[in-house]
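Below is one structure; the comments refer to it alone.
The values are calculated or read from the model by the stated rules, or taken from the named source; none is laboratory data. If you're wondering where the values come from, they're calculated on a predicted model, not measured in any experiment. Cβ placement follows ideal geometry from the backbone for every residue including glycine, while neighbour counts extend to all protein chains displayed. For accessibility, only protein heavy atoms count, side chains too; no ligands or nucleic acids. Shrake-Rupley method; radii C 1.70, N 1.55, O 1.52, S 1.80 Å.
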Amino acid sequence: MRIALILALACSASPALAQNAPGKRVITAARMIDVLEGKVVEHPAIFVDEGGRITGVADARTVRWGSDVQHIDLGSQTLLPGLIDMHVHLDSLAEIGGYGSLEYTDSFWSMMAVKNARAMLDAGFTTVRNVGSDAFNDVGLKQAIEAGYASGPRIVPAAHALGATGGHCDSTFLPPSLETPQEGVADGEQGLRHQVRRQRKYGAEVIKVCATGGVFSRNTEPGQQQLAENELRAIADEAHQWGLRVAAHAHGASGIKAAIRAGIDTIEHASLVDDEGIKLAAARKEPVWFAMDIFNTDYTQSEGAKNGVLEDNLRKDREVAQIQRDNFRKAHAAGVRMVFGSDAGVMPHASAGGQFKTMVQYGMTPMQAIQAATRNGAQALGREKDVGAIAVGRFADMIAVDGDPLANVRELESVDVVIKGGQIIRQ
């Protein structure tokens with residue numbers, strides 16, 4: 001649909017109406033999904049100030065605005081909050097797997113991060129949490145975007161992921177003669193506390209830790225616990241002292257339970273969670289969130305071998321894929337809090353929206369899947385004043401689609417309009 005961008009005609013407004021329109025821009029559409037109330041609002045008018053924040057939400061059929069207010073009319077489209085992906089790797093490429101990465105120089109990956117950030121923004125993800133990168137690439141990219149030198153979503157960077165020697169977050173593909181010290185790798189409580197402080201010092205806004213083995217590392221198994229509970233608790237306590245939240249890569253049941261008991265804030269993957277782990281997560285007084293990437297295996301199994309992914313990694317992916325999807329259904333049904341986490345970088349970043357249909361296939365309603373990628377993400381980040389809803393005080397980050405995503409959630413696989421801070425980024 002062609003977007004009409006017009007300046008509203010001057011009109012007389014009562015003092016009450018003027019109070020509803022204090023911003024310099026108004027965005028209207030046929031309907032809006034209110035993720036906080038879980039309902040559809042007809043004919044919304046969203047007022048935005050010069051700083052890109054929402055100052056008012058009104059009924060476009062009754063509210064009036066002056067000639068100095070720019071009007072962005074999205075016609076018959078449906079507005080949603082900008083999406084939040086809680087698990088991405090912007091400096092990774094799904095198309096280059098296994099030892100193929102050694103064909104490229106070190107700085108190649110920071111260049112790709114710029115491309116991938118724009119791809120995610122175009123896909124409707126106006127906020128992403130980057131859970132682990134090399135060379136502080138995510139911190140640098142965040143700075144470049146905020147300074148206006150690059151285009152991309154709002155980034156919550158983790159810098160280097162923390163992990164045990166020889167574990168999933170260590171470098172496990174090279175022989176000792178080619179090994180260099182790995183940023184973020186440590187053993188014992190004090191060493192891991194130091195790494196929390198070091199990552200924060202250089203720009204991390206969330207701490208990522210590998211509690212278990214993984215699928216795409218070498219010489220690790222997804223179910224294997226790799227950090228003791230006391231080590232995970234030290235990481236959580238240290239991060240929380242500094243005002244940071246913690247995300248734990250945890251496929252295996254024992255590692256998941258240890259992370260929950262240790263006070264970790266989000267559990268990434270949660271593939272092999274057992275009934276006890278689900279009960280722990282649902283019952284914990286301090287919220288813990290599951291970020292389960294239940295879509296990307298479609299890509300890795302169809303394209304991984306062609307991209308150079310090693311058979312051992314594809315074997316692990318096959319073994320956990322359906323178990324993870326079934327456990328997603330069980331965890332959601334049990335009341336575990338869920339956020340949207342695609343693991344983009346394992347599959348192409350532009351395709352992250354494909355996960356919505358899988359979330360619905362495995363037990364969520366379309367509204368619940370959308371809330372996982374908006375309201376829930378903001379809550380898990382502790383950024384409810386900034387993102388995650390079309391609400392007064394938050395950034396005017398929005399997307400629009402031609403159809404009704406509550407009737408067909410696949411509308412979110414190809415969004416038609418992306419707005420960040422009140423500015424149209426893509427149409």
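Among 167, 252, 52, the largest mean-square fluctuation in a Gaussian network model of the chain (Cα springs under 10 Å) belongs to 52. Normalised by the number of residues in the chain, the average gap of Cα pairs under 8 Å and 6 or more apart makes the relative contact order 18 percent.
Database remark: amide H of residue 70 closer than 5 angstrom to the amide H of 25, 26 (H placed geometrically; neighbours at sequence offset of 5 or more, or on other chains; Pro and chain starts carry no H).
What a 1.4 Å probe finds exposed on the chain is 49% carbon and sulfur by accessible area, rounded to a whole percent. Over the residues of the chain, the helix contribution to mean residue ellipticity at 222 nm works out to -9000 deg cm²/dmol, using -39500 (n - 2.57) for each DSSP H run of at least 4.
Enter the angle in degrees (range 0 to 90, nearest 10) between the Cα long axis of helix 229-241 and the first principal axis of the Cα atoms of the chain, meaning the one along which they spread out most. Computed tilt is about 40 degrees. Extending 7 Å from the Cα toward the beta-carbon at both residue 298 and residue 197 defines two label points whose distance is 4.7 nm. If R0 equals 22 Å, the separation of the Cβ atoms of residue 103 and residue 143 corresponds to a calculated FRET efficiency of about 0.20. Summed over the residues of the chain and divided among them, the accessible surface reaches 40 Å² per residue at a probe radius of 1.4 Å.
Across 158, 29, 369, mean-square fluctuation computed from a Gaussian network of the chain (C-alpha pairs under 10 Å connected) peaks at 29.
For the chain, the Cβ-based charge dipole about the Cα centre amounts to some 1040 debye (Lys, Arg positive; Asp, Glu negative; other atoms uncharged).
Among the protein heavy atoms, those of residue 367 account for about 30 Å² of accessible surface (1.4 Å probe, every chain in place). Indicate the gyration tensor shape class of the chain (rounded, prolate or oblate), computed on the Cα atoms with a ≥ b ≥ c the square roots of the eigenvalues: a/c under 1.5 is rounded; otherwise a/b larger than b/c is prolate and the rest oblate. Because a/c hits 1.5 or more and a/b exceeds b/c, the chain counts as prolate. Distant-in-sequence amide contacts of residue 150, defined by a placed amide H-H separation under 5 Å and a gap of 5 or more residues or a different chain, comprise 145. Over all other residues within a Cβ to Cβ distance under 13 Å of residue 284, the charged ones net out to +2, with Lys and Arg as +1 and Asp and Glu as -1.
Look at the Cα gyration tensor of segment 85-213: its axes a ≥ b ≥ c give a/c of at least 1.5 with a/b at or below b/c, and that counts as oblate. Taking a 19 Å limit on the Cα-Cα distance, which of the listed pairs 257/285; 208/285; 279/330; 257/385; 115/306 fall beyond it? Result: 208/285; 257/385; 115/306 exceed 19 Å. Stretched out straight at 0.36 nm per residue, the stretch from residue 40 to residue 312 would grow longer than its current Cα-Cα span by 93.3 nm.
Annotation: amide H-H contacts under 5 Å for residue 417 (H modelled 1.01 Å from N, sequence separation of 5 or more, or interchain): 400. Compared with the dominant principal axis of the Cα atoms in the chain, helix 137-146 is inclined by about 10°. With a sphere of radius 12 Å drawn around the Cβ of residue 163, what net charge do the other residues whose Cβ falls strictly inside it have (Lys, Arg +1; Asp, Glu -1)? Summing Lys/Arg as +1 and Asp/Glu as -1 gives -3. Under 12 Å from the Cβ of residue 367, count the other residues' Cβ atoms, weight Lys and Arg +1, Asp and Glu -1, and hand me the total. Charge balance near residue 367 sits at -1.
Can you give the FRET efficiency to the nearest 0.05 for residue 67 and residue 407, using r as the Cβ-Cβ distance and R₀ = 41 Å?
0.65
Any idea what angle helix 253-262 forms with the longest principal axis of the chain, computed on alpha-carbon atoms, 0 to 90 degrees, nearest 10? With rounding to tens, the tilt is 70 degrees.
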